[in-house]
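Engineer: I have a structure here, written as structure tokens, and I will follow up with some questions on it.
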Amino acid sequence: MRFYGDEVDSQGNFYGASLQYGVVGVLNGKNGEWAFIPTPTPEGGPRRTAMDKQDRFWSAEYYAGAIGMFDPKEWKIHEWKLHPFALPYGMAVDKNGEAWAAGQGTNGLYRLNPTTGQVTEYPKGTVMYGQTRQLFVDRSTTPVTVWIPHNHMKRIAKVEPLD
């Protein structure tokens, strides 16, 4: 199985997002056993991943138009829907535990508060439309700053939420 995004938690467990099979793979770092957890939306297409301070594994669910989070304590994937045509690609988690995803099918940058379930959409602007493969969150600023590079246009955008 190929993974399109992988992370390792603080316990040495490996997590991988399978765009092709719509699962999150978990390799137990102690006993070497694999487990595969399907996304809530069948074949949701998890890709581009992040790990937060609570060892939760985040992914942009490309085909589901959602942000997904595997919580190893619950052994469950939670999913928050974005715009149906969002095609989220780039993914990051900030110091406040909020998840960020960039839409490839829309012009949106999405911020998720997982505690409330609120999704805030920010327009990326016309120069940033299209492929946003990566997001970079500056955790040293208050509020956090999100940097969005654009692969094909040699541009970078800076997003500073005002709230």
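The values are calculated or read from the model by the stated rules, or taken from the named source; none is laboratory data. Because the structure is a prediction, the values reported are computed rather than measured. Heads up, the Cβs are rebuilt from the backbone with ideal geometry, glycines too, and the neighbour counts pull from every protein chain shown. Accessible surface is based on the protein model in full, side chains and every heavy atom, while ligands, DNA and RNA are left aside. Shrake-Rupley method; radii C 1.70, N 1.55, O 1.52, S 1.80 Å.
Engineer: Taking all protein chains as present, what is the carbon and sulfur share of the accessible area of the chain, in % to the nearest whole number, probe 1.4 Å? If you can, show how the numbers build up before the last one.
Structural biologist: On the way: 4290 of 8310 Å².
Answer for the chain is 52 percent, counting heavy atoms of protein chains only.
Engineer: ³J(HN,Hα) across the range 96-106 via Karplus (A = 6.51, B = -1.76, C = 1.60, θ = phi - 60°), whole Hz, x for Gly/Pro?
Structural biologist: Result, rounded to whole Hz: 8, x, 8, 9, 10, 9, 9, x, 9, x, 10.
Engineer: Can I ask one more? Find the percent of Cα-Cα distances in the range 6-56 that exceed 19 Å, and round it to a whole number.
Structural biologist: Every Cα pair in the range 6-56 considered, those over 19 Å come to 24 percent.
Engineer: With respect to the cross-link table entries LYS81/LYS154; LYS30/LYS95; LYS95/LYS154; LYS30/LYS73; LYS95/LYS124; LYS53/LYS124, which display a Cα-Cα separation exceeding 19 Å?
Structural biologist: Over 19 Å apart, Cα to Cα: LYS81/LYS154; LYS30/LYS95; LYS95/LYS154; LYS95/LYS124; LYS53/LYS124.
Engineer: Using a 1.4 Å probe, how large is the accessible area of PHE3, given in Å² and rounded to the nearest 10?
Structural biologist: 60
Engineer: A follow-up question, please. Please find, in a Gaussian network model of the chain (springs between Cα atoms separated by less than 10 Å), the residue of TRP147, TRP75, TRP100 whose mean-square fluctuation is greatest.
Structural biologist: Of the options given, TRP75 has the highest mean-square fluctuation.
Engineer: Let me ask something else. Any idea what the relative contact order of the range 1-134 is, in percent, if you count C-alpha pairs under 8 Å spaced at least 6 apart? Numbers along the way, then the final one.
Structural biologist: Working: 360 pairs, mean separation 19.8, N = 134.
Value for the range 1-134: 15 percent.
Engineer: With r defined as the distance between the Cβ atoms of ASN31 and LYS76 and R0 fixed at 25 Å, what FRET efficiency is calculated, to the nearest 0.05?
Structural biologist: 0.75
Engineer: Would you mind computing the Rg to Rh ratio of the range 1-140 from its alpha-carbon coordinates, Kirkwood style for Rh?
Structural biologist: 0.96
Engineer: Picking from THR142, THR116, THR106, which is most flexible by a Gaussian network model of the chain using Cα springs under 10 Å?
Structural biologist: Top of the fluctuation ranking is THR116.
Engineer: In the calculated pair distance distribution of the range 36-91, what percentage of Cα-Cα distances lie above 19 Å?
Structural biologist: 19
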